[in-house]
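> Here you go, one structure.
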Amino acid sequence: MEYVYASLILYHAGKEITEESVKKILEAAGIQVDEIRLKALVASLKEINIEEAIKTAAVPVAAAPATAPATTAPVQAKTEEAKKEEEKKEEAPEETVEEGLSSLFGF
C-alpha cells in the first residue's frame, strides 16, 4: 500500500511517477524498497489514468462528527452532559461482532 501512496503523492505534486522518485519517497519514510514490486507498480501505472481512477473510486461516506458543547458552558454542565451520554451508551444494546460484519457486507 505504501507504494501506491508514494505514487499518489507524486501525482498530487505534479511529478512524474518513476522508479527513482517512488523509491526516494519510500526510503525517506524508512521503508525498505522491494525492487520487483517497485518495477511492477510503475509499469502498471503507465497504463492507468490516475485522475479518472480517483474520480471513479468508491469512497465510503463518513458520518458528520458530533458537535462539541459550547465552550462558554460551565464545566458542571459539561460533566452532566457527559454522564447523560454515558448512560445512553450503557442502555443501548451492544452489537456482536457477527452483526457488525453482516451489516458491513449487507447480509
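> Check Tyr11 against each of (1) surrounded by fewer than 10 Cβ atoms within 10 Å (Cβ to Cβ); (2) modelled with pLDDT of 65 or more and name the one condition it does not meet.
Failing condition for Tyr11: (1).
> How many residues are under 18 Å from Asp34 (Cβ atoms), free of Cβ contacts under 8 Å to residues at least 24 places away in the same chain and touching a Leu at 6+ places or on another chain (Cβ under 9 Å) if we restrict to the stretch 6-22?
4
> Right, next: List pairs: first in the stretch 46-58 and in the same structural domain as Gly14 (by TED's automatic domain parsing), second modelled with pLDDT of 85 or more and not β-branched (Val, Ile, Thr), Cβ under 7 Å, 6+ apart or cross-chain?
Sorted first by the residue in the stretch 46-58, then by its partner, the pairs are Ile50/Tyr11.
The values are calculated or read from the model by the stated rules, or taken from the named source; none is laboratory data. In this text, all values refer to a predicted model and were calculated from it rather than measured experimentally. FYI the Cβ positions are ideal-geometry reconstructions off the backbone, even for glycines, and counts take in every protein chain you see.
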